[in-house]
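Values quoted throughout were computed directly from the atomic coordinates according to the rules given, and no laboratory measurement underlies them. Not measured: the values here are computed from a predicted model. Note that each Cβ is placed from the backbone with ideal geometry, even for glycine, and that neighbours are counted across all protein chains shown.
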């Protein structure tokens, strides 16, 4: 474990971002650079894109499933921001073994390697999917998670390994950020996750979007730039003495899938109706997260409303098609 008495969490840090060319990771990279942090990206480009990144960023193309020890030894980061993951609930239901291989085993190896190479802090992308259905909302970090999908279970499992690393492996500091439903520019519209991007792409191609169940399922939608700022706050906040540094990152606002569809349809000036399909296994009915702990401890507040964020996301898709 590093024992640096002059440690200043607000000074420029050497950061390694896994999945840094991806949807959320690339926004984190931009904001880290804007804050004068030094950034190295590791990505296998299975979904990330080089054009998502500023040209001056050092990029290492590698697959985390093959280990990261040699890269950590070369880069010597102070902080690892772990964004790389399999992100689809439905894909995890179809192939839980691969989900565990990607999200659990790879993360354990990364955490273990980070401890061996004297990484001071790990900032981990967890998920609201860890909670599963609860008897009351909003969801708080003190609730006992009961995930109903392999994806949610995998995200929650890695949080325990971070605690293990802090207690027994010499990890100085860690943070787990449980994201609400993240959306925004650069989200993949062709995957199985990301209803906003999928809806926009369907509108642009003239296809009817599919809404599963009755569309009254609710999620706590959070704009990607707000999520990126939360990661930067986690980098810059000293949480070494925090007993359980797990934070919900959300607007603390409940929005139905039908409402998202209606806002986007109005913005597009469309009269298209959605197709309603059957419920999907692993989906919870309602989700809203209490983000007061992140506000109080990380000095973080979401700044983009759902309506504004949906407009900005639509505009980014329209610009990319010109």
| message | Using Cβ contacts closer than 10 Å as the measure, can you line up 300, 174 from fewest to most? | response | 300, 174
| At a Förster distance of 30 Å, what's the computed FRET efficiency of residue 45 paired with residue 11, Cβ-Cβ distance as r, to 0.05? | 0.45
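For region 96-183, what does the alpha-carbon gyration tensor say about shape, rounded, prolate or oblate, given a ≥ b ≥ c as the root eigenvalues, a/c under 1.5 as rounded, and a/b over b/c as prolate?
Prolate.
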| field | Cα-based helix-to-principal-axis angle, 257-268 vs the chain, degrees rounded to 10 | value | 70 degrees
| request: Please tell me the relative contact order of the chain in percent, rounded to the nearest whole number, where contacts are Cα pairs under 8 Å and at least six residues apart. | output: 19 percent
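Report the antiparallel proportion of the DSSP beta bridges in the chain as a percent, rounded to a multiple of 5.
Given both bridge residues lie in the chain, the antiparallel proportion sits at roughly 5 percent.
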| request: Subtract the Cα-Cα distance of residue 238 and residue 319 from 0.36 nm times their separation in residues, and report this length gain in nm to one decimal. | output: 25.3 nm
| field | [x] 0.96; [y] 1.08; [z] 1.19, with the label sought being that of the calculated Cα Rg over 2.2 N^0.38 Å | value | [x]
| task | Return the single residue from 44, 231, 241 with maximal mean-square fluctuation; model: Gaussian network over the chain, springs between Cα atoms under 10 Å. | result | 241
| How far, in degrees from 0 to 90, does helix 224-236 lean away from the longest principal axis of the Cα atoms of the chain, to the nearest 10? | 20 degrees
| remark: Across 177, 16, 239, the residue with the highest GNM fluctuation in the chain (Cα network, 10 Å cutoff) is 239
| query | Which of 160, 82 comes first, and how do the rest follow, when ranked by fewest Cβ neighbours within 10 Å? | reply | 160, 82
| field | Relative contact order of region 114-172, pairs being alpha-carbon contacts under 8 Å that are 6 or more residues apart, as % | value | 44 percent
| note | Site residue 204, offset 7 angstrom along Cα→Cβ, radius 15 Å on amide nitrogen, limited to region 296-319, gives 310-319
| note | Contact order relative to length for region 174-316, counting C-alpha pairs under 8 Å separated by 6 or more residues, stands in percent at 36 percent
| query | Helix 106-116 sits at what angle to the longest principal axis of the chain, using alpha carbons and giving 0 to 90 degrees rounded to 10? | reply | 20 degrees
| message | Please compute the modelled spin-label separation between residue 213 and residue 303, points set 7 Å along Cα→Cβ, answer in nm with one decimal. | response | 3.4 nm
| For residue 95 and residue 266 in one chain, what is 0.36 nm times their gap in residues minus the Cα-Cα distance, to one decimal in nm? | 57.9 nm
| Those residues of region 11-55 whose amide nitrogen sits under 12 Å from the label point placed on residue 66, 7 Å along Cα→Cβ | 43-45
| Which of 125, 12, 70 moves the most in a Gaussian network model of the chain with Cα springs under 10 Å? | 70
| remark: Taking a ≥ b ≥ c as the square roots of the eigenvalues of the Cα gyration tensor, with a/c under 1.5 meaning rounded and otherwise prolate when a/b exceeds b/c and oblate if not, region 38-118 is oblate
